[in-house]
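FYI, it's all coordinate maths here, none of it is from the lab. Note that the structure is a prediction, hence the values are computed from the model and not measured. Every residue, glycine among them, receives a Cβ derived from its backbone with ideal geometry; neighbour counts consider all protein chains shown.
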Amino acid sequence: MTDQAAPGAQARPAAPPRAPRHSSWAVLAARFRLASRRDPLGFIAAVAALLLVLLALLAPLLPIAAPAAIVSASQQAPSAHHLFGTDQLGRDVFSRTIFGARHTLVTAVLATALAAAIGTPLGILAGYLTRWPSGVVMRVMDVLLAFPGLLLALVVVTILGPGVTTVVLAVGISYTPIFARVVYGPTKSIRAQDYIAAARAVGCGPLRIVRRHVLPVLSSELIVVISSAIGWTTLLAATLDFLGFGIRPPSPDWGADLSAGVQYLGQAWWISAAPGIAITATILIANYLGDFLASMTDPDRLRQPRTKLKDTTTLIAGEN
Amino acid sequence: MTQFILRRLLMVVPVLFGITVLVFSILHLIPGNPAQILLFGSNATPQQVANLDKQLGLTGSIYSQYGNYLVQLLHGNLGYSYSSNQTVVAEISSQLPYTINLALGGLVVALGLGIPLGIVAGVRPGGITDKVATGVAVLGVAIPYFWLAILLVLLFAVKLRVLPALGTGSVKALILPSIALGWGFAAIIARLLRNNLIEVYDRPFMIVARAKGLSEWRLLWQHAMRNAVGSTVTIVGLQFGYLLAGAVAIEVIFGRPGLGAFLVARIQEKDIPSIQGVVLLVAVVYLVVNLLVDVAHGLLDPRIRRSWSR
C-alpha cells in the first residue's frame, strides 16, 4: 500500500540555507583562509577595510595638518609637501580626506545599524507571523519602498531640518525596508520547516524560536547585507552632504568637500578628486567585503566554481 | 489574465493610500506651525496666524484635514507654493519636461550599456569579456553618480571642450547628464542579467538545446534571453526610482532646471506644498511604472500570472 512508504520519501520543501555549524575562532580562521584563497580580491578588501577604519580612528594621532587649518596658499597642486594639494582656502586636502573619513564612516555605520535594528525585527515579524500583521508590516514597507531612497531621505531632511543627526536618521530610515525585505523571505521559508514545528511542539515560545532557530540561520545573510549596506549608506550620506543638507562647511566631509571643489574644477581638480576617490574606494571595499563575507559564511558558495558566483552588488536592487 | 491584472491593481490601493498619508503628514511632522514658518521673520500677530491657518486648510481635526487633502487631490489641486504663490501643479508641470528628458536619456544609456555588458559577461563567465564587463559594471556601482558627473564635465567640457557642461537647449547638452545618470543603473542591469544568464545556461533544457546542435546565437536569443530577461525587467522597474532620485543631484550639478533642482531649492525654502507635490508625483509615477512592468511581465510569462491567482 502507498501508506507503507517511508516518511523520507515524501516530497519535502526546498531546504533553507543552513546555519553556520560551529563558530569557534578556529573554524572562523579556517574559513577566512579558505575564502582568501578563493577570493584574493576579497582578502585585499578585508585588509583595506581594516586600514580605512584604523586611518579614521587614528587620524588625530597622525603627523598631518589639522583639517581646518590654513596651511599654505590656496589651490596649490599636489606636491611632496601637500600630498593631495591644498583647497580653495589653503587647507591640506590630504588631511581633510582622512579626517572626512571619520565623519562619513560614522554616519554610514550608524545609519546601517539603525536600518538593521529596525528593519530586521520588522521583516522577521512579518515573515514569522502569518495572517494580517504580516500583511500590514509588508504593506508599510511597500509604501516606504515606493519612495526612491534619496527621495525618502529628502522627506526626512524636510521634516527634521538639515544637520548631522538628520543625515543619519534619513539614511537609516531609507534603508530600513531593504533590511525588512531581505529577511522576510528566508524567515517565511524557515518557518515552514519541520524543526520549527518540533520546537513549538516541545513548548518553545515564539521569542525563543526566533532567537535560537531563526536568527542563527539568517545571520550569514545579514552579515553580508550589513557589509554591503555600509557602501550604499556611504553613497547616500555623501549625496545628502553633497547637496548641502548635512554637516556645516568648516568640518571636513567627503560629500561637502566634493561639492565645494566643483567651482574650482578648471583650476584645481584635486579638491574634489580626493574625496571622490575616497567615496568610490569605500563603496568598492564594502562591496568586495560583502562578497568575501558571503563566501566565508556560506560553505555552499565555496564549493561553487568562482566564475558562477553571484555578487552582492545586486542585493540592493531587490533581487531577494 | 483579467484576474491577474485585477489582483495586481488591488495591490496598488493600500500602497497609494499609504503614500498619500505619508505625504500629507510631512506638513504635520515638521516641528512648529506651518503658518508661523510662512510668516517667519515678520512679527505675525496670533490673528494673522489664525487667518493663514484657515487659508491653508489647517483647521479642524487631523482626519478632516486629511479628508480635505484627498478631496483636493482628486480635483487635481496640490495647493499653492509658499514661495511663489503659483499653484504647485503649474510649477511642477513647468519643471517636469526637463526631468522626463533627463530620465529618458538616462534610461537609454542604462539599457544601451547594461544589456550588451550583461550578455557578454553572462555568456562566458570568467572569460576576458566577462572581466572587462565586470570591471565597467563594478566601477558603475562604486563611483558616486554626482562625482561621475563632475569627472565627465572635467573631461569633455573643460579639457576637450566637445560637449557643453551646462544648459538645456540642445540634445548635445543632454549627453553628459544622461551618461552620469545612466551608468550606475547600467551596472546594476548588467550584473543582474549576467547572474540570470549564468543560471539559465546551467538548466537542463539549455544542455538539450545545445546537444541538438543549435548555434550559440540562437541558443542565446531563443532560449537564454527569453528566460533571463523577465526577472531583469522587474528589477529595472524597481530601480526606475533610481533614475528619478538620481536626477536630483545631476540637475543640481549641471545647473539644469527640473524636478530635482526644484525640490532641493524648495526644501531649503521650507516650501512644504511644493515638496509634497514633487514627492507625491515621484512616488505615484514609480508605483505606476512598477504596475506596468508587472503586468507586462505577466503578459509575457504565464508562470507569473499563475503565481498570482492562488
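Peptide B:231-241 is shielded by partner chain Cβ atoms: per residue, an average of 3 of them sit within 10 Å of its Cβ.
When peptides A:288-294, B:106-112 are ranked by their average number of other Cβ atoms within 10 Å per residue, the highest-first order is A:288-294, B:106-112.
Among residues other than residue A:122 with Cβ under 14 Å from its Cβ, the summed charge is +2 (Lys and Arg +1, Asp and Glu -1). Expressed per residue, the C-alpha convex hull volume of the stretch B:193-257 stands at 103 Å³. Each Lys and Arg adds +1 at its Cβ and each Asp and Glu adds -1 at its Cβ; summed about the Cα centre, the stretch B:262-308 shows a dipole of about 220 debye. For the stretch A:106-162, the equivalent ellipsoid built from the Cα gyration tensor has semi-axes of 25, 15, 8 Å, listed from largest to smallest.
State log₁₀ I(q)/I(0) for the stretch B:151-214 at q = 0.16, 0.17, 0.19, 0.28 Å⁻¹ as given by the Debye formula over alpha-carbon point scatterers of equal weight, solvent excluded. The Debye formula, applied to the Cα set alone, gives -0.65, -0.68, -0.76, -1.06.
Once you place label points 7 Å from the Cα toward the Cβ at residue B:219 and residue B:21, how far apart are they in nm? Each label point lies 7 Å from its Cα, and together they span 5.2 nm. Label-to-label distance, residue B:151 versus residue B:62, with points set 7 angstrom from Cα along the beta-carbon direction: 4.6 nm. The mean number of Cβ atoms from other chains found within 10 Å of a Cβ in peptide B:244-250 is 5, as a whole number. Under the convention that each Lys and Arg Cβ holds +1 and each Asp and Glu Cβ holds -1, the size of the dipole of the stretch A:145-228 around its Cα centre is about 320 debye. Distance between the pseudo-spin-label points of residue A:194 and residue A:54 (7 Å out from Cα toward the beta carbon): 5.0 nm.
Measuring spread by the Cα atoms of the stretch B:185-224 yields a radius of gyration and Dmax of 11.5, 37 Å. Sorted on the mean count of surrounding Cβ atoms within 10 Å across their residues, most packed first, peptides B:13-25, A:44-56, B:264-276 read B:264-276, B:13-25, A:44-56. In terms of surrounding Cβ atoms within a 10 Å radius of their Cβ, B:61, A:227 rank from fewest to most as B:61, A:227. Remark: B:94, B:83 ranked as B:94, B:83, counting other beta-carbon atoms within 10 Å and listing the fewest first. Picking from A:53, A:199, A:184, whose Cα lies most toward the positive end of the charge dipole for the stretch A:41-200 (charges on Cβ: Lys, Arg +1; Asp, Glu -1)? The listed residue farthest towards the positive side: A:199. From the alpha carbon centroid of the stretch B:165-230 to that of the stretch B:96-156 is 12 Å. One quarter of the convex hull surface built on the alpha carbon atoms of chain B amounts to 21.2 nm², the projected area averaged over directions.
Against the empirical curve 2.2 N^0.38 Å, the C-alpha radius of gyration of the stretch A:197-290 lands at a ratio of 1.72.
Under a point-charge model restricted to the Cβ atoms of Lys and Arg (+1) and Asp and Glu (-1), what is the dipole moment magnitude of the protein assembly as shown relative to its Cα centre, in debye to the nearest 20?
Here the size comes out at about 1980 debye.
Taking max minus min of the alpha-carbon positions on each principal axis, the stretch A:130-180 gives extents of 40, 16, 16 Å, largest first. Counting, for every residue in B:115-127, the Cβ atoms of other protein chains within 10 Å of its Cβ and taking the mean gives 1.
Using the Kyte-Doolittle scale, find the helices of chain B whose mean hydropathy is at least 0.0 and whose Cα atoms extend 27 Å or more along the helix's long axis, counting only whole DSSP H runs. Provide the component values of the computation, followed by the final result.
Working: long enough: B:2-29 (40 Å, 1.84); B:88-123 (49 Å, 1.59); B:172-201 (41 Å, 1.08); B:225-253 (39 Å, 1.30); B:272-300 (42 Å, 2.03).
Both cut-offs are met by B:2-29, B:88-123, B:172-201, B:225-253, B:272-300.
Label zone (residue B:158, point 7 Å along Cα-to-C-beta; backbone nitrogen cut-off 15 Å) within the stretch B:238-263: B:253-255.
By definition, a body whose alpha carbon gyration tensor gives a ≥ b ≥ c is oblate when a/c is 1.5 or more and a/b is not larger than b/c, and the stretch B:151-310 fits this oblate description.
If the Kirkwood radius is taken over C-alpha pairs of the protein assembly as shown, then at 20 °C and 1.002 mPa s the Stokes-Einstein diffusion coefficient equals 81 µm²/s.
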